[in-house]
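Below is one structure, written out as structure tokens; the observations come after it.
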Amino acid sequence: MHRFVIYILLLMAFLLSPFTLKAEGDKSRISEKPHVPDSILQNIFQFSPFYSKIVDEYKADVYLKGRVRVHKSNKLVKYIPSMFRLEKGVNDYIIESLSEMHYTAPDIYNRKVKALISTFARTKGQLTDLTDFLNMNIYSSSMMSDKLLSPLDKECSQYYTYLLDSIVDEKDIRRYKISILPKFRSTQLVKGYIWVNDEVWTIHEVQFDGKFDMIEFRLNNIMGKDGDEEFLPVKLNLRLFFNFMGNLLEMNANAWVKYNMVNFYKGGERRKSQKKHHHDLTEFYQLTIDSTSMITDRSIFDSIRPIPLSFDEDAIYRVHDVRKNKAGWIVNDNNDEINKNKSAEFFGQLGDVLVSSYNVNLAGIGSVKCSPLINPVMLDYSHSRGISYRQKFKYNRFFPSGRLLRITPQVGYNFSRKEFYLKGKLDFLYWPEKLGGIEVDAGNGNRIYSSVVLDKLNALRDSSMNFSDMNLDYFKDIYLNLFHRIEPVNGLMIKFGASVHWRNLTDKSRFHLKQFIEQAGGGMLHKLDFRSSYNSFAPRIRIEWTPGLYYYMNGRRKMNVGSNMPTFILDYERGVKGILGSNDEHERIEFDLQQKIKLNKIRTLSYRTGLGLFTKMDNIYFVDFVNFKRSNLPEGWNDEIGGTFQLLDRRWYNSSRQYWRGHITYESPFILLHPFNSWLGMIQHERLYGGILFMPHLNPYLELGYGIGTHIFDAGIFVSSINGKFDTVGFKFTFELFND
């Protein structure tokens, strides 16, 4: 519990932490600057979309050098997952890398790290991941993988104020320095300045200050002067601050880019793929990271370093060598430095397991990854489910032929219901070109009641429907799904196999069917063969079709990357008696349609609709839909919050032989709260939810909601109604802190 309190304190510290970086000049100087004339802004907005697409492809070498300075630290820093390991008494660190960068339009970046050295005991860390800063097209309407809204975009300009700082004439070029200020506080807006050239309206230099996740940054980007490099950055300067709960870390990084090939868009149609299938993007994803060939030896790196180290930088390496030799450090297979002192090594690894995602590479066997044991990301609260916790593990084994074995067990516990959940999935990809594989999925599902209850429900009027007044016989459910899958053509996935369920009465001492039958009026119910355990075996087929699905080939393995079209899903199963002790006969069919539409760089609209039906039932059976069900483990912002009902009692999911449901979700960084920016600038996204459900006794069930998303937590408030009458109000809260 005390660790949970620590995380709450970390959350409060983030909400109250001020920006470290300051805008140039004071407010009095800024207020004296004139606004930029509309003629200049319109030229910038007119040319930026063209320049954002003018480069069709490039290949470049990137040299990156960063220095980290620990200004203040305390014991709380070790509770921050994904933070690189700090050494006691060491305040200066350095990291260098050489990479190959391959860019293909639109906005596909592929970076291959050829060499990497550092003085960190573990190179993975929140502050040293600079990928988003390197993958930046300053002319684009959004930057850093759509995390920041560009002030050069006309649509985003409504969120910025533009002031004319100065004008400089150089030969035949006039340059304008334009100061940029956000109109309100937001993690998706930046402040700073740009230098823009007149006539052609290209950008010479930009400097942006901002804050995203826990990192405050200042990015200075210098563009090429002319030729092929005019529309591309040649040097980047980064200043990053990590200021959190008494821990202040600073990183100063520089990147130099040398372009080996630049191809420009020449009008007409953009360069087409040479592949026969126009959805094949393989040639745009040619580079991959090969850790086995990556240079990590400093003596070799010294011979290929393009820019010499300064005296201070070299001194950091020399001091690190002395310290490492004294302590007896060695380098493991992950290129992480570990202490040969067994006691120190044990407690260091124990700390990693507790607060960080943990990776173990087993030579010739595979790799294991598990989420931190002490991790609020795995904690979830919702009105209908209460408090839940989960833990995930992942095992991966890659074969040279492109085949893949993946095992992903999960455990979870619901504190409100005092129920323990265990599930696991084994996936063996044996035909990587066609995504051919075998899936085995097993676990314990939600507790469920039999179809005997449905007959009682059908006899009730809507006004008398109350689950709390019913004495239900719950069954524990153990399930096993066996599938073979194949993608015969692009976008069409076919899965076929069987689903097996073993259901046992939760409390056999409360075997009160006789009383239940008497209350229901007898009749045909007397003829039912009611038991305390039921088995079912059902051959099953699932067809998923996504038209226009883009993909690329990673060696022999096909990697799907998305589509602009919806996904259609048909799921059918037929229960068969007599196999594996099955005493259940039923037929289930479900249809689902879902799509996420990107309205622009900052707004998305998602929808989902579906229906399901149980038919040909014989004797007692269990209404257990696949697409319409309540997950017993936490769901995050990017899972199914927009495709489920947050307030619907879980007993409703098994109360009808048929259903029809629909969901719609609208997401934008600015919907309702931006007028309150002085307090709520940490919010990254807002969402509006709508859901409707038709089934007996729910005609209809309506649920509306509003949610906010930050990198620390997701929260939502929902309201529901049944048959036109108010039902309840509830909340949803999920930690996203340090989720990697």
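The values are calculated or read from the model by the stated rules, or taken from the named source; none is laboratory data. As the structure is a prediction and not an experimental result, all values here were calculated from the model. Counting neighbours? That spans all protein chains shown, and the Cβs are built from the backbone with ideal geometry, glycine included. The accessibility values were calculated without ligands, DNA or RNA, using every heavy atom of the protein model including side chains. Shrake-Rupley method; radii C 1.70, N 1.55, O 1.52, S 1.80 Å.
Observations on the structure shown:
- Tabulated pairs, region 174-186, first over 13 Å from Val206 (Cα atoms), second among the small types (Gly, Ala, Ser) and not in a strand (DSSP E or B), C-beta under 7 angstrom, 6+ apart or interchain: Arg185/Ser678; Arg185/Gly681; Ser186/Gly681
- Taking region 139-168 as the range and being outside any loop (DSSP other than H, G, I, E, B), among the aromatic types (Phe, Trp, Tyr) and touching a Ser or Thr at 6+ places or on another chain (Cβ under 9 Å) as the test, the residues that pass are Tyr159, Tyr162.
- Checking each residue of region 84-92 against the condition of being part of a strand (DSSP E or B), at pLDDT 85 or above and open to solvent by 20 Å² or more (accessible area, probe 1.4 Å) gives at least one match.
- Region 204-243 - residue that is among the charged types (D, E, K, R) and more than 31 Å from the chain's Cα centre (by Cα) and, of those, farthest from Phe133 (Cα to Cα): Asp226
- Among residues of region 49-66, those that are touching a Lys or Arg at 6+ places or on another chain (Cβ under 7 Å) and part of a loop (DSSP other than H, G, I, E, B), counted: 0
- Residue match in region 164-174 (condition: within 35 Å of the chain's Cα centre (by Cα) and open to solvent by 10 Å² or more (accessible area, probe 1.4 Å)): no
- Residues in region 474-484 that are among the charged types (D, E, K, R) and either within 15 Å of Thr546 (Cα to Cα) or open to solvent by 60 Å² or more (accessible area, probe 1.4 Å) (or both): Lys476 alone.
- Any pair with Cβ under 6 angstrom, 6 or more apart, that starts in region 702-720 at a residue that is outside any loop (DSSP other than H, G, I, E, B) and ends at one that is hydroxyl-bearing (Ser, Thr, Tyr): Leu702/Ser721; Glu703/Ser720; Gly705/Tyr689; Asp714/Thr734; Ile717/Tyr706; Ser720/Thr728
- Sub-6 Å Cβ pairs linking a first residue in region 683-700 that is under 17 Å from Gly662 (Cα atoms) to a second residue that is assigned to a strand (DSSP E or B) and basic (Lys, Arg), at least 6 apart or interchain, are Leu693/Arg661, ordered by first then second residue.
- Residue tally, condition surrounded by 15 or more Cβ atoms within 10 Å (Cβ to Cβ), of a type outside the set (S, T, N, Q) and part of a helix (DSSP H, G or I), over region 34-48: 5
Rundown of residues vs (1) modelled with pLDDT under 75; (2) among the small types (Gly, Ala, Ser); (3) open to solvent by less than 50 Å² (accessible area, probe 1.4 Å); (4) under 30 Å from Leu404 (Cβ atoms), yes/no style:
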position: Gln515; (1), (2), (3), (4): yes, no, no, no
position: Gly522; (1), (2), (3), (4): yes, yes, yes, no
position: Arg531; (1), (2), (3), (4): yes, no, no, no
position: Asn535; (1), (2), (3), (4): no, no, yes, no
position: Thr546; (1), (2), (3), (4): no, no, yes, yes
position: Leu549; (1), (2), (3), (4): no, no, yes, yes
position: Ser563; (1), (2), (3), (4): no, yes, yes, yes
position: Thr567; (1), (2), (3), (4): no, no, yes, yes
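Per-residue answers, yes or no, for (1) of a type in the set (A, V, I, L, M, F, W, C); (2) in a strand (DSSP E or B):
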{"site": "Ser416", "(1), (2)": "no, no"}
{"site": "Phe420", "(1), (2)": "yes, yes"}
{"site": "Lys423", "(1), (2)": "no, yes"}
{"site": "Asp427", "(1), (2)": "no, yes"}
{"site": "Gly443", "(1), (2)": "no, yes"}
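- Between Tyr689, Tyr666, Tyr706, the distinction of being among the aromatic types (Phe, Trp, Tyr), at pLDDT 85 or above, surrounded by fewer than 17 Cβ atoms within 10 Å (Cβ to Cβ) and closer than 26 Å to Lys147 by Cα belongs to Tyr706 only.
- Residue in region 630-641 that is modelled with pLDDT of 90 or more, under 30 Å from Phe670 (Cα atoms) and either among the aliphatic types (A, V, I, L, M) or open to solvent by 30 Å² or more (accessible area, probe 1.4 Å) (or both) present: no
- Taken together, Phe398, Phe420, Phe415, Phe428 contain a single residue that is open to solvent by less than 60 Å² (accessible area, probe 1.4 Å) and modelled with pLDDT of 80 or more, which is Phe428.
- Test: residue in region 105-113 that is modelled with pLDDT under 80, closer than 30 Å to Asp198 by Cβ and surrounded by fewer than 18 Cβ atoms within 10 Å (Cβ to Cβ): yes
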